[in-house]
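Report on the structure given below.
The values are calculated or read from the model by the stated rules, or taken from the named source; none is laboratory data. Fair warning: this is a prediction, and the values are worked out from it, not measured in the lab. Glycine also receives a Cβ, built like all others from the backbone with ideal geometry; neighbour counts cover every protein chain displayed. Accessible surface areas use protein heavy atoms only, side chains included; no ligands, DNA or RNA. Shrake-Rupley method; radii C 1.70, N 1.55, O 1.52, S 1.80 Å.
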Amino acid sequence: MKNLLYVFVFSLFFSCKAQTNLTTQTSQETSQEAKKELNTTPKLVVGIVVDQMRYDYLSRFYSKFSEGGFKKLMNQGFNCKNNHYNYIPTYTGPGHTSIYTGTTPKYHGIIANNWYDKEIKEMVYCAEDENVKSVGTEANAGLMSPKRMKTTSFADENRLFTQMRGKTIGIALKDRGAILPAGHTANAAYWFHGKDEGNWITSSFYMPHLPKWVNDFNASETAESYLKTWNTLYDINTYTESGADLNTFEGGFKGKETATFPYDLKTLSKENNGYDILKATAYGNSLTADFAIAAIEGEQLGQDTNTDVLAVSFSSTDYVGHNFGVNSKEVEDTYLRLDKDIERLILALDAKVGEGNYTLFLTSDHGAVDVPSYLQSVHIPSGYFDSKNFKSKLNDFISKKFGASDLLENASNNQIFLNRERIALLGLDLQVVQEALVNEIITYKNIDKVYSATTMQTTDFTSGIEELLQNGFNQKRSGDVLVVNDPAVISYSKTGSTHGSGLNYDTHVPLLFYGKGIIKGSTLQKTVITDIAPTISALLGTSFPNGATGIPLDFVLEKQ
Ligand SMILES: [Zn+2]
């Protein structure tokens, strides 16, 4: 009996102990689950914008890319192959803003790079701010801030969410490429001041003086080291994905007769604004990658549990495209070298933040059209729009029709701004004047469509060019008449490429997601540029940018 009781007590004790063990195990599992759940947010989000990158560059140059750059992002991340801009105009300022705010100029207000300000009646630049000071230069290149951007970026929302503990750093050769993505609450945006200085600078909007790591970088003469000969990375004869090096469709540099490799940048820099020549070569991107890699260390990005945001924009691709055109050997070489720079950036992120600890996306701010003079040579409808002649012709029409020569106040970015005070003073009906202009301009050569501001405000367009125009139309800032050129018709020099339209060559851009929280895969389902910011916000669990109109792409995210 005694023994039995002993057995009973013993077994009771044992089973209790076992139960305790079980409970401990379960609670351990639960806390591990919770930890895992908390851990779904990356330590760092890296946004890469490649300025003027058409979607087809990914496929056109694919066979020449290395394994660790674009190909790695395409094959180990998620490739949205049918990603488009969903507004007009497709320019750098609006592009960078739309990527990070998840909305279009209709809401974020960055309607172009430079636009006519109806209130102060002069042209303004999207990132200029005369109330701040340059930091890192005596020149005016630092008088910049994001004040004209009306909505928040996903980086702003991350700052609010983390009680300002998660950092935001923006980097690009172009000030607007660094400032607009980084948003209103950024710790820093850095951009490059060329001329005879060749330094990375910022503005007093962010800080009173440059941090030590930026001064050290500027003192390292990295920029100077790129003032060397630019030749092709591989044997030029293997560059079968682009046209002949010598042709009539390219611009080139002052001081060199032909736009052909090699380019002696040290010598050419003297006639091409000193260090600014680097912007228009593949080395400008290398310099950007060097600086971004230094920033990871210098700003201690991705080192704690508060998610940081690094916004990097590679601007040189745009300068090279404008100068040499979509089909040039220079563009091909610039992308093959950028591929290597992106590989270096990924390796640095793996080493400093850790593979699997960061999420990266890569996209572009707009595409570009093939050089129209080249398209004409192969019988594809295209051409050049004479904007000077357009203005004087339109002024003649207005004078005859309304008896006043000063109604046309400004014509820029394919928009006409009317002098509304004069129209009111003359007792004219604004809508009647707008419609008269619409009916006149549509008869002009190379014009495809014309709409009035009144139509934009009173009609809800849900498809086609009209929807894109409406998404780009900001009632407060846009003009009275919106003009759409024929396909592949640009107001530009006869050499080089440009962009701005709502056609596929300008709207279709890469969208690659990679890293923490991203599944491997691809889709041909249409996505739009405004979906990027809500997707990143969803990944981070933060509020969406306050004006976001895109939707999170849940098929790129791991199920949580
Ligand atoms: Zn451009």
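General remarks:
- Hits in region 100-128 (condition: β-branched (V, I, T) and either at positive phi or out of contact with any Leu (no Cβ under 8 Å at 6 or more places or on another chain) (or both)): T101, T103, T104, I111, I120, V124
- Within the set D365, D370, D406, the sole residue that is surrounded by fewer than 16 Cβ atoms within 10 Å (Cβ to Cβ) and either assigned to a loop (DSSP other than H, G, I, E, B) or within 16 Å of the ligand (Cβ to nearest atom) (or both) turns out to be D406.
- Considering (1) in contact (Cβ under 8 Å) with a residue 24 or more places away in the chain; (2) open to solvent by 30 Å² or more (accessible area, probe 1.4 Å); (3) of a type in the set (D, E, K, R), the lone condition that K270 does not fulfil carries the number (1).
- Scan region 169-199 for residues that are closer than 22 Å to N131 by Cβ and over 16 Å from the mean Cα position of the chain (by Cα) and the total you get is 6.
- Residue tally, condition closer than 23 Å to D196 by Cα and hydroxyl-bearing (S, T, Y), over region 239-272: 3
- Enumeration of residues in region 339-391 that are under 28 Å from G500 (Cβ atoms) and polar (S, T, N, Q): T363, S364, S373, Q376, S377, S382, S387, N389
- Helices (runs of 4 or more DSSP H) wholly inside region 260-355 that include at least 2 residues being within 16 Å of the ligand (Cβ to nearest atom): 283-298, 316-324, 329-349
- Selection status of P510, open to solvent by less than 20 Å² (accessible area, probe 1.4 Å) and in contact (Cβ under 8 Å) with a residue 24 or more places away in the chain: yes
- Taking region 373-403 as the range and being assigned to a helix (DSSP H, G or I) and aliphatic (A, V, I, L, M) as the test, the residues that pass are L375, L394, I398.
- Residues in region 52-66 that are more than 15 Å from S522 (Cβ to Cβ) and small (G, A, S): S63, S66.
Table: residues versus (1) of a type in the set (A, V, I, L, M); (2) within 20 Å of the chain's Cα centre (by Cα); (3) buried (at least 19 other Cβ atoms within 10 Å of the Cβ).
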{"residue": "K256", "(1), (2), (3)": "no, no, no"}
{"residue": "L287", "(1), (2), (3)": "yes, yes, yes"}
{"residue": "D290", "(1), (2), (3)": "no, yes, yes"}
{"residue": "E299", "(1), (2), (3)": "no, no, yes"}
{"residue": "Q303", "(1), (2), (3)": "no, no, no"}
{"residue": "T317", "(1), (2), (3)": "no, yes, yes"}
{"residue": "N327", "(1), (2), (3)": "no, no, yes"}
{"residue": "L360", "(1), (2), (3)": "yes, yes, yes"}
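- Single unsatisfied condition, S478 versus (1) in the same structural domain as V438 (by TED's automatic domain parsing); (2) among the polar types (S, T, N, Q); (3) closer than 13 Å to V369 by Cβ: (3)
- Criterion (crowded, with 24+ Cβ neighbours inside 10 Å and under 18 Å from the mean Cα position of the chain (by Cα)) met by exactly one of G109, G93: G93
- Of all residues in region 115-131, those being open to solvent by 20 Å² or more (accessible area, probe 1.4 Å) and touching a residue at least 60 places away in the same chain (Cβ under 8 Å) number 4.
- Any chance I380 is more than 16 Å from the ligand (Cβ to nearest atom), over 22 Å from K174 (Cβ atoms), buried (at least 22 other Cβ atoms within 10 Å of the Cβ) and not assigned by TED's automatic domain parsing to the domain that holds T168: no
- Hey, K520 assigned by TED's automatic domain parsing to the domain that holds L58, in contact with a Ser or Thr (Cβ under 6 Å, 6 or more places away or on another chain) and more than 16 Å from the ligand (Cβ to nearest atom) or not: no
- Helices (runs of 4 or more DSSP H) wholly inside region 35-152 containing at least 3 residues that are within 16 Å of the ligand (Cβ to nearest atom): 92-101
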